[in-house]
Amino acid sequence: MRRFSVIVAAVLSVLGASTDSAAAAPSVVGSWHGALTMNGQRCTVAAVLNANRSYIESVRCGSLMTQQSGTYRVFANGEIGFSVIDWQPKQQWVVGAQVGSGHYAPMAKPPGGLFKYTFVSATTMIWRDVNFGGSIALQRL
């Protein structure tokens, strides 16, 4: 679950050297859904990419869910980059040494991400993580 958020988040510092491709942005706009397996558990992914280049994404693995939102940029070379502005959860429970003890600790902001995207059809897109590898097929709703 966090891995996808990290994947979706990891590389925006690299994006400063690239140029936007406004013509490519409309093709990715919409609601997208997919699934992946992480650590043996099936996870679902939902992403909404808006025409104003804002996005919201959630990943659910069993009873756990993460969410992030921010902005995205589409590049002429078929890459899409994400910059995280807000995320949940912002805290996690850290188990203490004594049984039943622990405390909440802050969770760091996800770093962003860079994906190579390919349309298989008008309703199916594959994202391949540029930095961490792995891919996910997303269906447009």
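Since every read-out is calculated from the coordinates, none of them should be taken as a lab result. The structure displayed is predicted, hence computed values, not measured ones. A quick note on method: Cβ atoms are made from the backbone with ideal geometry, for glycine too, and the neighbour counts reach across all protein chains shown.
With R₀ set to 22 Å, the beta-carbon distance separating K116 from L64 gives a calculated FRET efficiency near 0.20. Report the FRET efficiency, 1/(1 + (r/R0)^6), for S27 and A105, where r is their Cβ-Cβ distance and R0 is 35 Å, rounded to 0.05. With a Förster radius of 35 Å, E is 0.30.
Length gained on full extension, V95 to L141, computed as 0.36 nm times the residue gap minus the Cα-Cα distance: 12.6 nm.
With 5 Å bins beginning at zero, the pair-distance distribution over Cα atoms of the range 15-141 amounts to 2, 10, 17, 22, 19, 12, 7, 5, 3, 2, 1, 0 %.
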